[in-house]
Amino acid sequence: MSIGYACLVIGVPETNMRSVIKKNATEDKLMEVIRHNLHSFEKMVDYNIEEGVGLYRISSDLIPFGSSPVNGLRWWELFREDFERIGQKINQSGMRVSFHPGQYTVLNSPSEDVVERAIEDLRYHNLMLECLGVGYEHKMVLHVGGIYGDKEAASQQFVENFKRLDEPIQRRLIIENDDRLYTVEEVLEMAHQTGSPVVYDNLHHAANPTDDPHDDVYWIRETRKTWKEGDGRQKVHYSQQADDKRVGAHTDTIYLDPFLEYFDKLEDKDIDIMLEVKDKNLSTIKCINATQPQRGIQALEKEWARYKYVVLEHSHTLYNEIRELLKDKSAYPVEEFYASIHRALEQEVEKGQAVNAAQHVWGYFKDIADDKEVRAFQRNLQKYQDGNLKHATFKRQMQRLAEKYEIPYLKQSLYFEL
DNA sequence: TGACGTCAAGATCCG
DNA sequence: CGGATCTTGACGTCA
């Protein structure tokens, strides 16, 4: 069983992705951005290995205009060594990677041009997986596409166009129920014709249910049957409904109570769960820790190192409570730990508390900062207290110092991210 | 024609 | 001039 996240990571240095707009897409610029993005990708893979994250979705934007004539670079040759090196890390660690071409890759479109570009886009994604040298259990997830006034005909069109894909791409492709058009039942019907495994997305199902009501357990059981030898473990997407947003919009973070309820009900734990959530790796580590008590209190202490200053800033009371909670080294109070962090983050940041936290952080610099930096900090602190400097700006100044003085403990702190 | 989703680039504003 | 903040891009479908 693995739990994973999509594309981006929070609070890990050197993992940002860059992009290029069409009018600036010169060869030089494309080379530079691809090199940068591959470096970031490798750092994310390293992070995943370090943290024991076994499932990861790679960003489709890794190669800008990867499937478009705008990018004429033979990137698969130019960066062959990078792909191979990263692929080896993936294979050696047992990590499973995937791609999820977006809502604009539409295989069943009535427009031949759109279909051709969708095929080209899938080739691009598949080529990256081949460059990495990963097996066919590393998949590409696709939505079915549009309806165009006749769902039955559009479904048949999907099946027809599927046949046009190269054989390796057919083997990689898996299809997912979406939140508006194709229900899991309809996707299963197509999957029976194409032989594709089906990814069950619980929130899409809630937003776009089948006529006959069935629960997640039922649909996970049904979609499991589409996963065959060589496809790897069954994969599902999991997310939670944000109360204050439209139906189908997911929460910013995964709430452990409903997640654990979902998890406990899973009939077969031999499954990979891709979380779709704004806080990405943060929820992933939380859910991994919550389902793997054998990780021990060290796992929570490691988490605490990242969260402590942002918690302190929100609530001194909860900061102290969590410190108490972690004192018993034989216990594993994972649910209380994350519940307290969540409660803290929900609280408004009060100025006095923010100043207190900032002074804790400043402690890392006070002996190494030069006079100019010391004066700047004191000036900013005063300005912030007087209401003349935004909280975020004040913190960004300190983040710069953390980067300049290469302080690992602060560079990985969520104090600068949440 | 806007909404949908996403995030960084580009553009512009400000001190 | 550098940094902060706002707008655009890139994609296809549907209402």
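General remarks:
- Taken together, the criteria exclude A:Arg343 from residues that are under 26 Å from the mean Cα position of the chain (by Cα), farther than 21 Å from A:Leu282 by Cβ and either more than 16 Å from DNA strand B (Cβ to nearest atom) or surrounded by 15 or more Cβ atoms within 10 Å (Cβ to Cβ) (or both).
- Looking across segment A:43-87 at every residue that is within 16 Å of DNA strand B (Cβ to nearest atom) and of a type in the set (A, V, I, L, M, F, W, C), the one that is nearest to A:Glu14 (Cα to Cα) is identified as A:Met44.
- Total residues in segment A:227-258, condition away from DNA strand B (no atom under 16 Å from the Cβ) and of a type in the set (A, V, I, L, M, F, W, C): 3
- For segment A:160-183, the set of residues classified as surrounded by 17 or more Cβ atoms within 10 Å (Cβ to Cβ) and over 27 Å from the mean Cα position of the chain (by Cα) consists of A:Asn161, A:Phe162, A:Leu165, listed by residue number.
- The set of residues from segment A:92-109 being away from DNA strand B (no atom under 16 Å from the Cβ) and loosely packed, with under 15 Cβ neighbours inside 10 Å comprises A:Gln92, A:Gly94.
- Residue-level check: of (1) in contact (Cβ under 8 Å) with a residue 40 or more places away in the chain; (2) of a type outside the set (Asp, Glu); (3) surrounded by fewer than 18 Cβ atoms within 10 Å (Cβ to Cβ); (4) more than 25 Å from A:Leu165 (Cβ to Cβ), A:Ile220 misses just (3).
- Total residues in segment A:14-23, condition among the β-branched types (Val, Ile, Thr) and more than 16 Å from DNA strand C (Cβ to nearest atom): 1
- A:Ile3 outside any loop (DSSP other than H, G, I, E, B), away from DNA strand B (no atom under 13 Å from the Cβ) and under 14 Å from the mean Cα position of the chain (by Cα): yes
- All positions within segment A:282-307 that are farther than 18 Å from A:Ile49 by Cβ and outside any helix (DSSP H, G or I): A:Gly296
Residue-wise test of (1) buried (at least 16 other Cβ atoms within 10 Å of the Cβ); (2) closer than 21 Å to A:Glu14 by Cα; (3) away from DNA strand B (no atom under 16 Å from the Cβ); (4) polar (S, T, N, Q).
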site	(1), (2), (3), (4)
A:His360	no, no, yes, no
A:Leu381	yes, no, yes, no
A:Ala392	no, yes, no, no
A:Lys395	yes, yes, yes, no
A:Leu410	yes, yes, yes, no
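- Qualifying residue in segment A:111-131 (condition: in contact (Cβ under 8 Å) with a residue 40 or more places away in the chain, assigned to a loop (DSSP other than H, G, I, E, B) and over 22 Å from A:Thr226 (Cβ atoms)): no
- For segment A:100-117, a tally of residues being within 9 Å of DNA strand C (Cβ to nearest atom) and farther than 17 Å from A:Tyr148 by Cα returns 2.
- Within segment A:234-259, residues that are on the phi > 0 side of the Ramachandran plot have Cβ atoms under 7 Å from residues that are at pLDDT 90 or above and within 16 Å of DNA strand B (Cβ to nearest atom) in these pairs: A:Gly248/A:Asp179; A:Gly248/A:Leu203; A:Gly248/A:His204; A:Gly248/A:Ala207, counting only partners at least 6 apart in sequence or on another chain.
- Index of the failed condition, A:Gly11 passing every other in (1) of a type in the set (Gly, Ala, Ser); (2) away from DNA strand C (no atom under 16 Å from the Cβ); (3) on the phi < 0 side of the Ramachandran plot; (4) modelled with pLDDT under 95: (3)
For (1) out of contact with any Asp or Glu (no Cβ under 7 Å at 6 or more places or on another chain); (2) more than 23 Å from A:Glu189 (Cα to Cα), each residue gets a yes or a no:
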site: A:Leu73; (1), (2): no, yes
site: A:Gly87; (1), (2): yes, yes
site: A:Tyr104; (1), (2): yes, no
site: A:Ala118; (1), (2): yes, no
site: A:Leu122; (1), (2): yes, no
site: A:His125; (1), (2): yes, yes
site: A:Asp150; (1), (2): yes, no
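- Every residue from segment A:18-41 that is closer than 18 Å to A:Trp76 by Cβ and either polar (S, T, N, Q) or more than 9 Å from DNA strand B (Cβ to nearest atom) (or both): A:Glu27, A:Leu30, A:Met31, A:Glu32, A:Ile34, A:Arg35, A:Asn37, A:Leu38, A:His39, A:Phe41
The values are calculated or read from the model by the stated rules, or taken from the named source; none is laboratory data. The structure displayed is predicted, hence computed values, not measured ones. Note: ideal-geometry Cβ built from the backbone for every residue, glycine included; neighbour counts use all protein chains shown.
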